[in-house]
Amino acid sequence: MRKFKTESKKLLDLMINSIYTNKEIFLRELISNASDAVDKLNFKSLTDESMHVDQADLAIRVSFDRDARTITVSDNGIGMTAEELERNLGTIAHSGSEEFKTENAESQGDALDIIGQFGVGFYSAFMVAKRVRVVSRAFGEDEAHVWESDGLEGYTIEPGERAEHGTDVILTLRENVPGENGEEGENYDRYLSEWGLKDLIRRYSNYVRYPIQMMVMKSRQKPKPEDAGDNYKPEYEDYEELETINSMTPIWKKRREDVEDADYNEFYKSTFHDFEDPARTISFHAEGALEYDALLFIPGRAPFDLYSKDYEKGLALYSSNVMIMEKCADLLPDYYNFVRGVVDSADVSLNISRETLQQNRQLRAIARRIEKRVTSDLEDMRDNAREAYERFFENFGRGLKYGIYASYGAKATELADLLLFWSAKEQKMITLAEYAKAMPEGQKAIYFAAGDDRDRLSKMPVVTGVLARGFDVLLCTQDVDEFTFQSMREYVARDMPKVYEDDAAREAAEKAVADGAEPELEDRHLELKNVATGDLDLASEDEKKEAEEASKEHADLFSAMKEALGDHVQKVSVSSRLVSADDAPACITTEGPLSLEMEKVLKRGPEGDVEGMPTAQRVLELNAKSPVFAKLAAAQEAGDADKVKLYTGLLYDQALLVEGILPEDPVAFAKNVCELM
Ligand code: ADP
Ligand code: MG
């Protein structure tokens, strides 16, 4: 027996026990080797005319014997001589395939598609096999040789028999290990079945470019005998048939114009288990330092678990048509976690284990490019297929908003223009850019209102007040909306008509345009303002003066009201939002960073409504023109403190109700209302 070299032994041990986390990949490795062997023969025959190889015969065959507990992977490829068996299988981490590739580097062109490169894949067989036997006959040789090993100490090489050139790798599987103490056992028997092997072949090696064949059991009806009577019952018989299991041509390697949409859709549905066509298919081939093909899909609907923590993002990663990883998470940013697809690159450097492929420079480069492509495709959809985009946004928009929020606004540059919000004015979904473009002259901010119901929002006095001034209000109904806006702070609207501060400059510019110059454009920084918080600074000089006068005149009333409400409000003041007699008599606004809506969202959150939670700083704003205000003022004048207190409480409670917040003491509220009646 020849012994494995010491380093080889250590490596083998490492391989079998820790590098591969997933035992089932052994089949993928053996099939990849078989494919390489066939590829080498094919390549040689293309360059050497004296060789007679029928391309149609080239194939890989997988079979199993349940009684003998063996799996055999055979190929009619180039085979190995005794020396090659020694060199390639006796030395771990020696790759004959890598050598072959280098030797033929100059002439290989497209003809060669070698998968192997590290010289370790073969040994993964020992994860499932207690004994591996390799019978091989090199092309052009008369003799065959048998390499055999138990994967522990060493191996033997002896002369053997094989009718044709090629290689058989025969694994004798280990015994099952029963589960114990709650730990899972090992079931090697599952590989000894037709469906088990078919499943592995389709999963990992579906796109290997040579046919992978299996003898499969089928059933058919026996021919009806001539003398069958009236009571003849059809009889069935089992028979074996050679079937090609893999589909071979990877659709992502084809050029876009050569593939029907229907084929892409079919591939998407069968590969990613969706019953709906994708909303968008993106395919591209990257050249240059890093070459790869990518085929990406934006699903037509969100998978049910998209927003659960069990959802795993990622693209399937292939290297030379062989699957390396089912879901490579590093290829997608979180906010594009809905994208499904395949990336295939012969260049991706795989570290020693194909399972624990680490984040590396190449992957990051691919990920960046993919992100850009997805962004530009979404932009294209937004601009040219609005209906489809709105559907997309309904499904996945929340994730985009969350992406901005989670990056503390840093991702807004990429994502803000992909967002849609409901415009109270237009009564449809619009982008922030569209909002900015439609702003009347003099509007300095983007206004929004947040709450869970669009209808209720559109009737809120703080909203109708802003609308009445001619400014649109975005009605935001998702929890994440306001948090997203806060993390963005502002939106930069590109190519807006330039605003001239001084008249001379404006006139000069107007004249220039009249003379045929292009109007000047500028980027405008627009603050994102919640209509229910802080000072919107919308009042005209006159309105401000009026409000100031009213405050002064009714100073006593306001302090009495503040006293009545105590800590519930920060202050009571004259509203600059509610300015006409028809507007609501009062509204609640907030000061500081926390709005009422955010307070609600936080209370619903995992922490719940706990002591010490930050609360919104409420302000009770009064409409000084409303008849209710006049009544209040009269009561104050008459020195009717009880009435002032009653009215104040009612106003406050009903203003909260409008915001969708229950009065703190609903019973008292109801009682007070009745008293008035
Ligand atoms: P790799 O495929 O990365 O080169 P492996 O450990 O899988 O490494 O295989 C080692 C080497 O053994 C291969 O490079 C190849 O030269 C040789 N080999 C393995 N399987 C076959 C086969 N079926 N036919 C011919 N050569 C093979
Ligand atoms: Mg290999």
Looking only at segment 258-290, how many residues end up being surrounded by fewer than 13 Cβ atoms within 10 Å (Cβ to Cβ) and part of a loop (DSSP other than H, G, I, E, B)? 7
Pick from segment 129-173 the residues that are within 16 Å of ligand 2 (Cβ to nearest atom) and of a type in the set (Val, Ile, Thr): which of them is farthest from ARG66 (Cα to Cα)? THR167
Of the numbered conditions (1) touching a Lys or Arg at 6+ places or on another chain (Cβ under 8 Å); (2) part of a strand (DSSP E or B), THR484 fails exactly one; give the number of that condition. (2)
Looking at (1) surrounded by fewer than 16 Cβ atoms within 10 Å (Cβ to Cβ); (2) more than 52 Å from the chain's Cα centre (by Cα), which is the one condition that is false for ALA564? (1)
Failed condition for TYR268, given (1) of a type in the set (Phe, Trp, Tyr); (2) within 29 Å of ARG66 (Cβ to Cβ); (3) assigned by TED's automatic domain parsing to the domain that holds ILE282: (2)
Please go through segment 581-612 and pick out each residue that is within 33 Å of the chain's Cα centre (by Cα) and among the aliphatic types (A, V, I, L, M). LEU594, LEU596, MET598, VAL601, LEU602
How many residues does segment 514-536 hold that are under 30 Å from LEU596 (Cα atoms) and either of a type in the set (Asp, Glu) or assigned to a strand (DSSP E or B) (or both)? 9
Counting only residues that are charged (D, E, K, R) and within 30 Å of GLY409 (Cα to Cα), which one in segment 502-527 is surrounded by the fewest Cβ atoms within 10 Å (Cβ to Cβ)? ASP523
Which number in (1) part of a helix (DSSP H, G or I); (2) on the phi > 0 side of the Ramachandran plot; (3) not polar (S, T, N, Q) marks the one condition that GLY409 misses? (1)
With (1) free of Cβ contacts under 8 Å to residues at least 24 places away in the same chain; (2) more than 44 Å from the chain's Cα centre (by Cα) as the list, and VAL572 as the residue in question, which single condition is left unmet? (1)
Matching option when the condition is of a type in the set (Lys, Arg), outside any strand (DSSP E or B) and in the same structural domain as ARG209 (by TED's automatic domain parsing), among ARG131, ARG162: ARG162
Just wondering, is there one or more residues in segment 97-115 that are away from ligand 2 (no atom under 16 Å from the Cβ), β-branched (Val, Ile, Thr) and in contact (Cβ under 8 Å) with a residue 24 or more places away in the chain? no
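Against the definition (assigned by TED's automatic domain parsing to the domain that holds LEU85, within 30 Å of GLU291 (Cα to Cα) and in contact with a Leu (Cβ under 9 Å, 6 or more places away or on another chain)), how does TYR210 come out, yes or no? It would help to see each step written out before you state the result.
Values: assigned by TED's automatic domain parsing to the domain that holds LEU85: yes; within 30 Å of GLU291 (Cα to Cα): yes; in contact with a Leu (Cβ under 9 Å, 6 or more places away or on another chain): yes.
In short, yes.
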I want to confirm something. Restricting to segment 575-587 and keeping residues that are of a type in the set (A, V, I, L, M) and surrounded by fewer than 24 Cβ atoms within 10 Å (Cβ to Cβ), which single residue is farthest from PRO461 (Cα to Cα)? ALA581
Of all residues in segment 440-459 being surrounded by 21 or more Cβ atoms within 10 Å (Cβ to Cβ) and touching a residue at least 40 places away in the same chain (Cβ under 8 Å), the one that is nearest to ARG524 (Cα to Cα): ILE446
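The values are calculated or read from the model by the stated rules, or taken from the named source; none is laboratory data. It should be emphasised that the depicted structure is a prediction, and the values quoted were computed from it without experimental measurement. Ideal geometry is used to build each Cβ from the backbone, glycine not excepted, and the neighbour counts take in all protein chains shown.
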